[in-house]
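Trainee: Sharing a structure here in structure tokens format.
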Amino acid sequence: METLSNYSTEIEVPVRAKEAFKALNEGLDAWWGQISHADFSLNGAFTITFDNAYWWTFKIIEYVPDKRLIWECIAGEPVFNKEWIGHTLHWNIEEQPSKTLVKFLQKGLTPRLHCFDVCTATWDMFITQKLVAYLK
């Protein structure tokens, strides 16, 4: 039987959990893309748009300050971005004595998807490079 692992990654950053949590809300435009229509609260939503005009809209289905966020993808363009609709993006934040661990999981982003290789490489760049640089 084929195992279809969801994409996940984690980073350690030299900041408090509060700063990491803020980077995953109001700070998204500094390391991920342009944010619009943003309501960063439980059941709120936001749209992220990139330089090529591609976009996704996410609904915030779990919001635990400084600890956890879960976003559900509810819309996207162009057509291949629609592969993400229904996916949930999980951010778990664990503060440790001198650093914070940020764990990311995208449920639904598996090797079976057309965009898997491009999406995982792009997530790796955004999370392990841009988010880390933003939080240093």
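Bear in mind these aren't lab numbers, they're just calculated from the coordinates by the rules spelled out. Just so it is clear, the structure is predicted and the values come from calculations on it, not from any experiment. Here the Cβ positions follow ideal geometry from the backbone for every residue, glycine too, while neighbour counts run over all protein chains shown.
Trainee: In segment 81-102, whose amide N lies under 17 Å from the spot 7 Å out along Cα-to-Cβ of Ser36? List them in ranges.
Mentor: Flagged as within label range: none.
Trainee: While we're looking at this one, here's another question. Relative to the first principal axis of the alpha-carbon coordinates of the chain, what is the inclination of helix 116-125, with its axis defined by its Cα atoms, in degrees from 0 to 90 and to the nearest 10?
Mentor: So the inclination is approximately 20 degrees.
Trainee: I've got another one for you. List the residues of segment 54-74 whose backbone N lies under 19 Å from a point placed 7 Å from the Cα of Arg112 along the Cα-to-Cβ direction.
Mentor: Answer for segment 54-74: 73.
Trainee: Here's another thing I want to ask about it. In nm, to one decimal, how far is the modelled label at Lys18 from the one at Thr49, with both set 7 Å along Cα→Cβ?
Mentor: If labels sit at Lys18 and Thr49, their model points lie 3.3 nm apart.
Trainee: Working out 0.36 nm times the residue gap between Met125 and His90, then minus their Cα-Cα distance, what length gain in nm do you get to one decimal?
Mentor: 10.9 nm
Trainee: In what order do Val15, Val64 fall by count of nearby beta-carbon atoms within 10 Å, going from fewest to most?
Mentor: Least crowded to most crowded, the residues run Val64, Val15.
Trainee: Further, regarding this structure: Report, by chain and number, residues whose modeled amide H sits under 5 Å from the one on Ala45, excluding near sequence neighbours (fewer than 5 apart, same chain).
Mentor: Counting only residues 5 or more places away or on other chains, the set is Asp39, Ile60.
Trainee: Please find, in a Gaussian network model of the chain (springs between Cα atoms separated by less than 10 Å), the residue of Pro65, Pro97, Pro78 whose mean-square fluctuation is greatest.
Mentor: Fluctuation is largest for Pro97.
Trainee: Specify the residue with the greatest mean-square fluctuation among Leu89, Leu109, Leu28, computed from a Gaussian network of the chain linking alpha-carbon atoms under 10 Å apart.
Mentor: Maximum fluctuation in the GNM of the chain, among the listed residues, is at Leu28.
Trainee: In whole Å, what are the extents of the chain along the principal axes defined by its C-alpha atoms, from largest to smallest?
Mentor: The Cα atoms of the chain stretch 42, 39, 26 Å along the principal axes, largest first.
Trainee: Now a separate question. Would you mind working out the magnitude of the charge dipole of segment 7-134 relative to its Cα centre, with +1 at each Lys and Arg C-beta and -1 at each Asp and Glu C-beta, to the nearest 20 Debye?
Mentor: Result for segment 7-134 is approximately 220 debye, rounded to the nearest 20.
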